[in-house]
Amino acid sequence: LHGPGCPVRVLPIGRGDMQRDLILLEVKDGKQGKVVGVSLDGPLKMTLRGGTGTVLRPEMELRASDVDSLGGDLYDLKDLEIEVLDPDRGARRATLESPLARTTLVVDLATPGGSVLETARLTDVDVALYEGAPVVPLGFRSPSVDFDVAQFGFTTPDRVRIEGQGIEAEGEGLRAGFGAERIVMGRDAVVRLTLAGGERAVLRSGEQGSL
């Protein structure tokens, strides 16, 4: 698949933070021979790096059983697991698990820290938050979640169930993270709290309100 006049090269890679059995389709400019794009296929294990200063540290670990390219930087990732880390502190921020996620994943093998997950829409997702919530760890499950990677935010219009120490909740819609240690639930939300001393409280948003 590679030779004179052929602009596409297919090869297994083991470069930097990507596992060796991933397949890279390297697309070159036919005139100048420069790499103008890549496309991924196969199982994925990838470390994305970031942080402040000159030394880039792990910011996100991606694992998927298979990658399907949809063109450009758009991919479907199957059996996706994401671990979000604070690159400066090394602390875990969140974990996400989904059987299928549609993502915008920019792959830059030449620049350290150049690869980035820009967007992710996950289906049948389990999320565990270790920051960005009033009680941590806090887990929630929903048929779909949009993960705003840049702002560390999570939104969904769908039914959500939440579980954490001293709290259980369910309702339609959720917004969490985005720099605030709070979770906003949409309509028909019911929150059950276990307070200090064992007292219990129930909060309800009603059909049109939010909590």
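The values are calculated or read from the model by the stated rules, or taken from the named source; none is laboratory data. Note that the coordinates shown come from a computational prediction; the quantities given were computed from them, not determined experimentally. Virtual Cβ from ideal backbone geometry, glycine too; neighbours counted across all protein chains shown. Just so you know, the surface numbers come from the protein's heavy atoms only, side chains and all, with ligands and any DNA or RNA stripped out. Shrake-Rupley method; radii C 1.70, N 1.55, O 1.52, S 1.80 Å.
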To the nearest 10 square angstrom, how much accessible area does Arg49 have with a 1.4 angstrom probe?
-> 80
Given H placed on each backbone N at 1.01 Å, which residues far from Phe178 in sequence or on other chains put an amide H within less than 5 Å of it?
-> Gly153, Phe154
Can you give the net charge of the other residues whose Cβ lies under 10 Å from the Cβ of Val67, counting K and R as +1 and D and E as -1?
-> -3
Could you pull the accessible area for Thr103 with a 1.4 Å probe, rounded to 10 Å²?
-> 0
Mind ranking Lys45, Lys78 by accessible surface for me, highest first, 1.4 Å probe?
-> Lys45, Lys78
Could you order Val116, Val190 by accessible surface area, starting with the largest, using a probe radius of 1.4 Å?
-> Val116, Val190
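Once a ≥ b ≥ c are taken as the square roots of the eigenvalues of the Cα gyration tensor of the range 146-187, is the result rounded (a/c under 1.5), prolate (a/b larger than b/c) or oblate (a/b not larger than b/c)?
Oblate.
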In Hz, Karplus ³J(HN,Hα) per residue of the range 144-153 (6.51, -1.76, 1.60; θ = phi - 60°; x = Gly, Pro) | 7, 8, 9, 9, 7, 5, 4, 9, 6, x
